Amino acid sequence: MSVTATTAEVHTAFLRARHAQSEWERTPVSARREIMLAFHDLVLDHQVELLDLIQDETGKSRSSAFDEIMDAAITARHYGYRAARLLRTSKAKGALPLMTSTVVERSPKGVVGIIAPWNYPLTMAMSDAIPALLAGNAVVLKPDEKTTRTALRALELLKLAGLPPELMQITPGPGESVGQAIVAECDYLMFTGSSATGRILAAQAGERLIGFSAELGGKNPMIVCADADVETAARGAVNACFSNTGQLCISIERIFVHEDIAEAFTTRFRELTQSLRIGPGHDWTLDVGCLISQEHLERVSALVDDALNHGARALTGGHPLPELGPTFYAPTVLVDVPTDAELYANEVFGPVVTVETVSSHDIAVQRANASAYGLNASVWGKVLTARKIASQLECGTVNINEGFAATWASIDAPMGGWKDSGVGRRHADDGLLKYTESRTIAVQRWVPLSGPHGVSKQSYAQAVSTALKWSKRILR
Ligand code: NAD
């Protein structure tokens with residue numbers, strides 16, 4: 001495979017994947033599980049090499065890179081242990097008690113296409129591939145062009161763990177050619193990236209009538225309640241806003257703080273932001289790395305400049321840091337951002353957050369929900385207060401006294417977006433079952449559902465009506 005796959009090479013990758021899949025489908029789930037558990041260990045054992053590679057490709061901090069190591073291992077372990085239970089034939093209630101016995105089987109979709117972004121190159125290469133493979137599918141993955149090497153190394157480790165050589169294919173290259181070739185041929189499409197691209201791919205998947213799920217952008221709110229501990233909330237906010245240099249779909253870009261503690265919180269948040277250690281290199285003591293590319297730096301700069309030109313104030317940051325490297329940008333806290341500034345409603349995907357003071361928790365909830373996005377939210381305060389607020393938020397995950405990690409790492413629970421933030425879910429049981437087709441098989445005994453031979457249609461209808469009335473009472 002060349003560095004950029006041609007359309008013909010993508011087609012060949014599908015042929016090979018399909019061929020390997022037909023045998024893999026017959027491989028017992030217990031054997032598939034052993035491969036994923038071996039992969040779990042290999043990722044942890046090779047972590048230094050993987051951390052270096054992820055950092056070299058993305059410029060992120062070492063601790064942000066380590067989040068990916070943890071995530072790959074947790075995903076392999078979780079679905080490795082869970083797959084057999086999810087995939088085994090299950091009983092369902094039959095149409096008529098005793099007379100109909102019904103079971104549900106699960107079969108793989110075939111070849112799952114995965115199109116991934118650059119921000120978490122190991123996580124995004126593996127977190128969807130692992131459940132898809134365990135479900136008996138082959139996978140053709142297109143990583144982002146900026147982060148191909150991490151994906152290729154992860155695949156080498158999967159093969160070292162025992163994955164059949166042709167079962168998962170990586171086809172590097174641009175979205176417009178390689179991505180489109182995958183969309184045209186896959187049996188299910190999993191996409192992570194921008195809402196704009198997600199919209200195009202959803203329409204194409206609809207046209208082909210194939211399954212589709214997508215995790216897209218976010219403009220994630222944090223609510224700091226009147227009863228929050230200021231120091232804890234300010235520390236949490238720093239992590240929630242600036243992890244992975246803010247290039248994280250679930251990171252916080254909007255903070256709504258109750259007026260009772262607004263001054264104390266904002267002052268401490270600014271101080272802690274200014275104390276972040278920013279820079280290049282593999283050193284564990286650095287907190288924040290650089291942005292992915294010059295193009296992205298220009299986009300982030302332009303959005304912040306636009307906000308400043310519209311009257312916003314930068315409490316800290318608001319400019320690039322060329323002395324540290326060509327794509328470093330200072331962690332930025334903005335206040336007084338008017339609603340007509342472009343970043344007020346649109347995702348920055350960088351180390352930039354707006355802080356707004358609100359006079360009540362109800363107003364905080366209204367502002368948080370006044371967004372086209374609905375991916376993640378965070379609430380800080382006493383659990384009783386925060387819990388009530390959490391249930392009113394229109395988004396897929398809400399973290400209480402955490403920024404984003406508590407829900408993401410709760411892999412047994414669904415993860416995904418409302419509104420423009422996504423379609424379908426990853427994680428939880430559906431994160432594996434969506435890569436299967438169900439087959440319902442029902443055995444009918446003694447009496448056909450259309451009525452016994454020799455009984456008039458009318459008498460049968462009366463008997464069934466009486467049975468239905470009794471069933472409603474009995475089968476609760
Ligand atoms: P993007 O949509 O431009 O690209 C994502 C992937 O899609 C890349 O591999 C790209 O090559 C491919 N692609 C682009 N156009 C395509 C097309 N027409 N056909 C097929 N493939 C195509 O996104 P990006 O700017 O690289 O990534 C940042 C965005 O991703 C942000 O909006 C961010 O919020 C989102 N994101 C979401 C999650 C999540 O889990 N919700 C995770 C990471 C990133």
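Laboratory data are not the source of any read-out in this text; all were calculated from the coordinates shown. Computed from a predicted model, the values in this text were never measured in an experiment. Here Cβ is always computed from backbone atoms with ideal geometry, including for glycine, and neighbour counts include all displayed protein chains.
For Ala92, enumerate residues with amide H under 5 Å from its amide H, sequence gap 5+ or separate chain, H modeled in the peptide plane.
Thr102, Val103, Val104
Taking amide hydrogens as modeled 1.01 Å from N in the peptide plane, which residues meet the under 5 Å criterion relative to Gly110, leaving out close sequence neighbours?
Excluding prolines and chain starts, which carry no amide H, the hits are Ala138.
Rounded to two decimals, what is the ratio between the C-alpha radius of gyration of the chain and 2.2 N^0.38 Å?
Details: Rg = 25.4 Å, N = 476, 2.2 N^0.38 = 22.9 Å.
Working it through for the chain, the quotient is 1.11.
Taking 7 Å along the Cα-to-C-beta vector as the label spot, tell me the Leu98-Ala372 distance in nanometres, rounded to one decimal.
Going by the 7 Å Cα→Cβ label model, 6.0 nm.
Can you give me the angle between helix 230-242 and the longest principal axis of the chain, using Cα atoms only, in degrees from 0 to 90, rounded to the nearest 10?
Computed tilt is about 80 degrees.
Need the C-alpha centroid separation for segment 50-92 versus segment 178-254, integer Å.
17
If I model a spin label at Lys91 and Arg235 as a point 7 Å from the Cα along the Cα→Cβ vector, what separation in nanometres do I get?
Distance between the two pseudo-spin positions: 5.2 nm.
What percent does the relative contact order of segment 243-368 come to when contacts are Cα pairs within less than 8 Å and at least six residues apart?
Details: 208 pairs, mean separation 42.8, N = 126.
In percent, rounded to a whole number, it is 34.
In percent, what relative contact order does segment 290-332 have, based on Cα pairs under 8 Å that are 6 or more apart in sequence?
For segment 290-332, the relative contact order is 44 percent.
To the nearest 500 deg cm²/dmol, what mean residue ellipticity at 222 nm is calculated for the chain from DSSP H runs of n ≥ 4 alone, each contributing -39,500 (n - 2.57), summed and divided by the residues?
Taken over the chain, the calculation gives -13500 deg cm²/dmol.
Taking the Cβ of Ala154 as the center, what net charge do the other residues with Cβ under 13 Å away carry, scoring Lys and Arg +1 and Asp and Glu -1?
-3
Among the lysines, which fall within straight-line cross-link reach of Lys434, defined as a Cα-Cα distance under 21 Å, with same-chain neighbours fewer than 8 residues apart omitted?
Within reach: Lys91, Lys109, Lys142, Lys419.
How big is the shadow of the Cα convex hull of segment 220-415, averaged over all directions, in nm²?
The Cα convex hull of segment 220-415, projected and averaged over all directions, gives 10.7 nm².
Taking the Cα-to-Cβ direction at Thr316 and at Asp45 and moving 7 Å from each Cα, how far apart do the two end points lie in nm?
The modelled label-to-label distance comes out at 4.2 nm.
List the trypsin sites (Lys or Arg not before Pro) within segment 301-398 that fall in a DSSP loop (any state other than H, G, I, E or B) and whose Cβ has at most 16 other Cβ atoms within 10 Å.
Lys382
Figure the gain on full extension for Asp305 and Lys382 (residue separation times 0.36 nm, minus the Cα-Cα span) and round it to one decimal in nm.
Numbers: separation 77, 0.36 × 77 = 27.72 nm, distance 3.64 nm.
Full-extension gain reported as 24.1 nm.
State the extension gain, in nm to one decimal, for the chain segment bounded by Leu37 and Trp284, taking 0.36 nm per residue of separation less the distance between their alpha-carbons.
Difference between extended and current length: 86.2 nm.
How long are the semi-axes of the ellipsoid equivalent to segment 307-416, from square roots of 5 times the Cα gyration tensor eigenvalues, in whole Å, largest first? Show your work: numbers first, answer last.
Details: eigenvalues 150, 70, 33 Å².
For segment 307-416, the semi-axes come out at 27, 19, 13 Å.
Order of Ser90, Ser391, Ser301 from fewest to most other C-beta atoms within 10 Å? Write down the numbers at each step before the final one.
On the way: Ser90 13, Ser391 8, Ser301 17.
Going from least to most buried by this count: Ser391, Ser90, Ser301.
What is the fewest-to-most order of Ser378, Ser213, Ser471 by other Cβ atoms lying within 10 Å of their Cβ?
Numbers: Ser378 32, Ser213 23, Ser471 13.
With the sparsest Cβ surroundings first, the list reads Ser471, Ser213, Ser378.
Could you state the number of Å between the C-alpha centres of segment 126-156 and segment 393-466?
Taking the Cα centre of segment 126-156 as reference, the centre of segment 393-466 is 27 Å away.
Determine which lysines satisfy two conditions relative to Lys93: a Cα distance under 20 Å, and not lying fewer than 8 residues away in the same chain.
Partners found: Lys469, Lys472.
Using Cα atoms only, what is the angle between the long axis of helix 262-274 and the major principal axis of the chain, expressed in degrees (0 to 90) to the nearest 10?
80
Could you list Ile474, Ile170, Ile252 so that the one with the fewest beta carbons within 10 Å of its beta carbon is first and the one with the most is last?
Ascending Cβ contact count within 10 Å gives the list Ile474, Ile170, Ile252.
Please list 3J(HN,Hα) in residue order for segment 131-144, calculated via the Karplus relation 6.51 cos²θ - 1.76 cosθ + 1.60 where θ = phi - 60°; whole Hz, with x for glycine and proline.
x, 5, 5, 4, 6, x, 8, 8, 9, 10, 10, 10, x, 5
Quote the relative contact order of the chain in percent (integer), defining contacts as alpha-carbon pairs under 8 Å separated by 6+ residues.
This gives 18 percent for the chain.
In segment 415-459, which trypsin sites (Lys or Arg not before Pro) are in a loop and have at most 12 other Cβ atoms within 10 Å, using DSSP for the loop call?
Arg445
Can you list the chymotrypsin sites (Phe, Trp or Tyr not before Pro) in segment 415-447 that are in a DSSP coil and have 16 or fewer other beta carbons within 10 angstrom?
Sparse-neighbourhood loop chymotrypsin sites (Phe, Trp or Tyr not before Pro): Trp446.
Can you give the net charge of the other residues whose Cβ lies under 9 Å from the Cβ of Ala83, counting K and R as +1 and D and E as -1?
That sum, taken over residues with Cβ under 9 Å, equals +4.
Take the Cα atoms of segment 350-476, find their three principal axes, and give me the spread along each one in whole Å, biggest first.
76, 34, 26
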